Each structure stands twice: as structure tokens, then as C-alpha cells.
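Read through the structure below, which is laid out as C-alpha cells, and then see the notes.
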Amino acid sequence: MRRILITGSSGFIGNALATSIARNKAYDLICLSRSPSAVQGATNLQGDFSDPNALNMLDPFEGIDILIHLAAVTGGCSEEDGLRVNVAGTHHLLRYLIDRGCSKFVLASSIAAVGMQSVDFRPLQLPMPDEHPCLDRDGYGFSKYMMEEVTRYLSRQNSSLDFINLRLASIAPDERQPAPAEPGPVPIWGMGKISVMFLSDTVRCLMAAAEAPVKPGVRILNAVGSQACTAVPIPQLLRSWYGSDADEVDFSHYEQPGCEKDPVYDISRIRDELGFVPQKPVLGD
């Protein structure tokens with residue numbers, strides 16, 4: 001029986017994932033969350049993963065095989081909090097588990113790592129590749145990018161470790177159909193508003209990463225829905241957003257028949273690496 005540790009199990013994604021895993025008797029599940037959580041069938045611990053002293057509560061649980069790290073400060077956090085929790089805190093957590101024999105790590109990064117929070121963000125390439133560079137101005141995206149860099153650093157120290165950083169989309173409840181974007185001024189978090197994935201697909205995605213055969217090294221994988229949440233083709237939408245700056249963007253992918261509303265993040269690698277394809281259509285049936 002493999003032992004899985006989930007951080008952030010009281011959150012929107014974490015609770016759904018933990019509840020799903022707890023039903024599977026093949027796993028021994030430990031949930032760690034700053035807020036109380038009560039996932040039936042799991043060991044529920046309350047504590048702050050970013051506090052090195054709090055990690056001592058994990059000492060009795062030997063043989064943690066897999067970490068699924070969802071806990072974080074999220075978009076809108078201060079630069080200081082992002083670096084303290086998402087970067088330094090994650091480093092403490094990973095180091096603690098590595099020193100105790102854990103070798104597989106699934107981390108929730110974010111599509112914000114490219115820097116799309118700002119209205120001044122312009123993609124260097126479309127669809128954006130999994131490792132599109134960080135152009136962040138606001139702190140949160142930078143903290144997620146630096147979290148990915150922490151995994152690269154630790155991988156250089158121990159080449160047997162398996163790190164999967166999932167650049168997760170904006171996650172929507174299954175029962176809520178998001179409103180497609182219309183042409184107009186570029187909004188804050190613009191790429192995030194049109195890059196949506198539903199909760200049920202997110203749970204499947206995280207489990208696909210956790211259950212994938214061990215592949216030592218660091219992978220950064222975009223995880224967004226199979227359609228952009230837009231009422232008009234991507235070139236039309238982004239030309240309205242970017243004005244004359246859109247002349248620098250190559251829209252040729254979206255000018256192919258059937259590709260007009262493809263996602264702005266490339267999701268071909270996560271399909272090839274993990275076999276994950278989103279099932280619930282962002283634009284409805």
C-alpha cells in the first residue's frame with residue numbers, strides 16, 4: 001500500500017482530490033492542511049507546511065511515497081508571502097520528505113508562472129509551451145516559477161527524484177459553466193480567464209501525475225481545458241486585447257481549420273507524458 005501526503009486538503013481542489021483518493025483502498029492517505037479538514041478514510045493533520053517546526057508532526061509517518069503539494073498562498077498574495085510560503089516553504093517541505101526517502105513529487109504550479117496577471121503581459125509564443133519563461137511583474141507568478149526552480153535545484157542534487165510541476169489552469173466547479181470571453185480591453189489575469197479546467201478533470205490530472213511511472217528529473221506541464229473559454233476565435237480576441245502589439249504574435253496555429261478556439265497553453269506534452277486529456281468541454285456540449 002503506497003502512502004500519499006496531500007497538502008492543502010481543506011481547499012477546493014485538495015478536498016475533492018483527497019476525498020477521491022480516500023475511496024481507493026490501495027492508498028494510505030495523509031492530509032495536511034492549515035485549516036481543519038475531515039476527509040473520511042484519511043489521517044487528517046492540521047498544520048502549516050511552510051513552518052519547518054510544524055513538519056515534525058509527520059515524523060511518525062514513515063515511508064511517504066508520493067507528495068501531492070497543493071497548499072500555497074494564491075493569486076493576489078504579496079510578493080513577500082509568495083516567496084516565503086510558495087518558495088521557501090515548499091523547499092522546507094521537499095527537503096524534509098527527501099531526507100526521509102520520498103522520491104515522487106507532484107506540485108501544483110500555475111499558468112500564472114508566465115506572468116499573465118498583468119495587463120502588460122504579452123506571450124512570446126502561442127500556444128504557450130510548457131516552459132514559457134516567467135515574465136511576471138506581480139509576485140505570485142514569480143513565486144510559482146521559483147518553486148519550479150527549487151525542484152530543478154533539488155533534482156541536480158539527487159538525480160533519482162521525480163518532480164512533476166503542473167501549471168494548473170483556473171479551476172471551475174463542474175456545475176458552473178464559465179462565461180466565454182468577448183472582445184474588449186485586455187483584463188487583469190486575461191489568459192487565466194480564458195484558460196479554464198473543471199474540478200473533475202483537475203482531480204483526474206493530479207491522479208494521472210501521481211500514478212505515472214517514475215521518471216527521474218523535472219517535468220513542467222501545462223494543465224488547462226481542451227478549449228479556450230472565448231466566444232470568438234483566439235486571433236480576434238487577442239487583437240482586441242493587445243491592439244498594435246498583436247502584430248508581434250504568430251496566430252498561425254489558430255488560423256488552421258478547427259483550431260480557432262484551441263487553448264492558449266500547449267497541452268500536447270501532458271497528453272503524451274501522462275495520458276491526460278480533459279474530458280469536460282469548457283464551452284459546453
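The values are calculated or read from the model by the stated rules, or taken from the named source; none is laboratory data. Everything numeric here is computed off the predicted structure, so don't read it as measured data. As a convention, Cβ positions derive from the backbone with ideal geometry for all residues, glycine included, and neighbour counts pool all protein chains shown.
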For this session: Taking the residues in the range 57-82 that are in a helix (DSSP H, G or I) and touching a Phe, Trp or Tyr at 6+ places or on another chain (Cβ under 8 Å) as candidates, determine which candidate is farthest from residue 31 (Cα to Cα).
Result: 79
Exercise. Within the range 152-161, is even one residue assigned to a helix (DSSP H, G or I), buried (at least 24 other Cβ atoms within 10 Å of the Cβ) and free of Cβ contacts under 8 Å to residues at least 40 places away in the same chain?
Worked result: no
For this session: Can you run down the residue pairs with Cβ atoms below 9 Å, 6 or more apart or on separate chains, where the first is in the range 120-136 and at pLDDT 95 or above and outside any loop (DSSP other than H, G, I, E, B) and the partner is hydroxyl-bearing (Ser, Thr, Tyr) and surrounded by 17 or more Cβ atoms within 10 Å (Cβ to Cβ)?
Result: 128/265
Problem set entry | Single condition residue 90 does not satisfy, out of (1) of a type in the set (Ser, Thr, Tyr); (2) part of a loop (DSSP other than H, G, I, E, B); (3) modelled with pLDDT of 95 or more | (2)
Exercise. Looking at the range 204-221, is at least one residue within 16 Å of residue 282 (Cα to Cα), among the aliphatic types (A, V, I, L, M) and buried (at least 17 other Cβ atoms within 10 Å of the Cβ)?
Worked result: no
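Quick grid of which residues meet (1) surrounded by 23 or more Cβ atoms within 10 Å (Cβ to Cβ); (2) under 30 Å from residue 252 (Cβ atoms); (3) in contact with a helix residue (DSSP H, G or I) (Cβ under 6 Å, 6 or more places away or on another chain); (4) of a type in the set (Val, Ile, Thr):
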residue: 29; (1), (2), (3), (4): yes, no, yes, no
residue: 32; (1), (2), (3), (4): yes, no, no, no
residue: 54; (1), (2), (3), (4): no, no, no, no
residue: 61; (1), (2), (3), (4): no, no, no, no
residue: 75; (1), (2), (3), (4): no, no, yes, no
residue: 81; (1), (2), (3), (4): no, no, no, no
residue: 88; (1), (2), (3), (4): no, no, no, no
residue: 105; (1), (2), (3), (4): yes, no, no, no
residue: 137; (1), (2), (3), (4): no, yes, no, no
